[in-house]
Each structure stands twice: as structure tokens, then as C-alpha cells.
Amino acid sequence: MKILVKKRSELFAKHYFQGFISLEIARKANIDWASNTFYFDREKAELDPSLKQLIPYVVVFKQDNILVYQRVSSSSYKEERLRNLYSIGVGGHVEHPESIEQAMIRELEEEFGLSVKKQDLKLVGFINDDSNSVGSVHFGIVYKLDLKSNVNVKPEPREVHNHVFVSRLELKSMLENNHFESWSKILVPVIVYSKLF
């Protein structure tokens, strides 16, 4: 399978960061994440830190509550490291010949039965985590999706369980109990303490 990537040297040519950065700051720092991307073999990309795999990561809100879910431990989900950990982000690799938006829409449909359009998704910022070997080859493109109150999520039971919408205060408590995957750990404090979301 070929997935969307960008050369690390080009992504961080003008500014390097670790953790989360807002869209506004990224623009001021001239972080160019959208141009000169290309599709590359996924197995090779996983072992090549000179490349960053571009991963859309959508945070789903409903009446100011945040969707939190857990991946099924017995699922066929390829990212073994994420199983049994809670996440606030829905997303995955951008597969050839998809665009980033098409990949997001596909993931939201496949995992949660949500039918969304590009204009429903708001780009908020980016995640970079070079603190471990897995994070060093991925780059998160963070979006926000606001669901209308009458829209229900329908998780794919073979992939997702224990889904719930929680308040920001509940999210903070979950973070303190260390239940989240690494990108969610980075993003939860931003959601709890800032007005970006």
C-alpha cells in the first residue's frame, strides 16, 4: 500500500516543533505541510524517519462534548500500539490516490458511520511527536468536527468500543489517569485549557 508522505527536511525547513502547534502559529512559522507531498510504500515509510506520514486526526464534538473511544483489542487494526488505549482522534493514513480530506471522510464513515463533507471539517493545527520511533515517522493534521445534536455515531464494533461523549472536565480527569494514546495526551490539554477548540 502507498500512503501520503512528505520529506522531514522540507516539512521542518523553516521551523521545528515538538507537540502541538496551532494553525495560526504554523502559518506564522511558515510550516509548509501541503506542498511537495507524494505517495510512498507504507512498510518502507514506517522505517524511514527522513519521511513523515501525513495523518489526519479529527476531534469530534457534539454540544461541546468530545468523542472518546477505545480500539477493540481483538480487532484487525494495524496500529497495534493503539489497541486498548483511549483516543479523541479519528483518522488514519492517506492511501493512494486519496486526498487528506477524502481519507478523513472515509475514516469517519468506516469507524463511526458518519457522513460528512469537506466543509464540515475545520483545520485547527498539527501534532509532531519525535519522542519515540513510531511518532518520529508520523505527522498529525488536526481537524475539528462539530456534530449536530440529532446526529448519532454508529461505531464499527470490530474496530471500536467504549465510545462516549465527555465534557472537558471529564476529559481532564481521564488524562490524569493516563488512559490515552500519545497524540491524545498531547491534544487533551489544548482542548481543556485553550479556546482553540
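The values are calculated or read from the model by the stated rules, or taken from the named source; none is laboratory data. Quick caveat: nothing in here was measured; it's all calculated off a predicted structure. In this analysis, Cβ positions are derived from the backbone assuming ideal geometry, glycine residues included, and neighbour counts consider all displayed protein chains.
Mind listing just one residue for me: the one in the stretch 170-185 that is hydrophobic (A, V, I, L, M, F, W, C) and in a helix (DSSP H, G or I) and, of those, nearest to the chain's Cα centre (by Cα)? Spell out the reasoning first.
Narrowing the stretch 170-185 to residues hydrophobic (A, V, I, L, M, F, W, C): 171, 174-175, 180, 183.
Applying the additional criterion that residues be in a helix (DSSP H, G or I) yields 171, 174-175, 183.
Numbers: L171: 17, M174: 18, L175: 17, W183: 7 Å.
Among those residues, the one meeting the criterion is W183.
Those residues that are in a loop (DSSP other than H, G, I, E, B), in contact with a strand residue (DSSP E or B) (Cβ under 7 Å, 6 or more places away or on another chain) and aliphatic (A, V, I, L, M), I need them from the stretch 145-169; list them, please.
The answer is V153, and nothing else.
If you go through the stretch 1-50, how many residues are of a type outside the set (S, T, N, Q), assigned to a strand (DSSP E or B) and within 17 Å of the chain's Cα centre (by Cα)? Explain how you work it out, then say what you get.
Initially, the stretch 1-50 is screened for residues of a type outside the set (S, T, N, Q), giving 1-8, 10-17, 19-21, 23-29, 31-34, 38-49.
Applying the additional criterion that residues be assigned to a strand (DSSP E or B) yields 2-7, 19-21, 38-41.
Filter once more, so that each one left must be within 17 Å of the chain's Cα centre (by Cα): 3-6, 19-21.
Adding up the residues that qualify gives 7.
Matching residues to (1) among the small types (G, A, S); (2) at pLDDT 95 or above; (3) buried (at least 16 other Cβ atoms within 10 Å of the Cβ); (4) over 12 Å from the mean Cα position of the chain (by Cα):
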site: K62; (1), (2), (3), (4): no, yes, yes, yes
site: R71; (1), (2), (3), (4): no, no, yes, yes
site: S74; (1), (2), (3), (4): yes, no, no, yes
site: K78; (1), (2), (3), (4): no, no, no, yes
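Those residues that are in contact with an Asp or Glu (Cβ under 7 Å, 6 or more places away or on another chain) and either farther than 12 Å from Y86 by Cα or not β-branched (V, I, T) (or both), I need them from the stretch 151-166; list them, please. Explain how you work it out, then say what you get.
Start the filter on the stretch 151-166 by keeping residues that are in contact with an Asp or Glu (Cβ under 7 Å, 6 or more places away or on another chain), which leaves 155-156, 159-160.
Of everything in the stretch 151-166, those that are in contact with an Asp or Glu (Cβ under 7 Å, 6 or more places away or on another chain) and either farther than 12 Å from Y86 by Cα or not β-branched (V, I, T) (or both) turn out to be P155, E156, E159.
Checking the condition in contact (Cβ under 8 Å) with a residue 24 or more places away in the chain and either over 15 Å from the mean Cα position of the chain (by Cα) or assigned to a loop (DSSP other than H, G, I, E, B) (or both), which residue from V124, V142, V188, V192 passes? Talk me through it step by step, then tell me what you get.
Numbers: V124 fails: either over 15 Å from the mean Cα position of the chain (by Cα) or assigned to a loop (DSSP other than H, G, I, E, B) (or both); V142 fails: either over 15 Å from the mean Cα position of the chain (by Cα) or assigned to a loop (DSSP other than H, G, I, E, B) (or both); V188 fails: either over 15 Å from the mean Cα position of the chain (by Cα) or assigned to a loop (DSSP other than H, G, I, E, B) (or both).
Only one candidate qualifies: V192.
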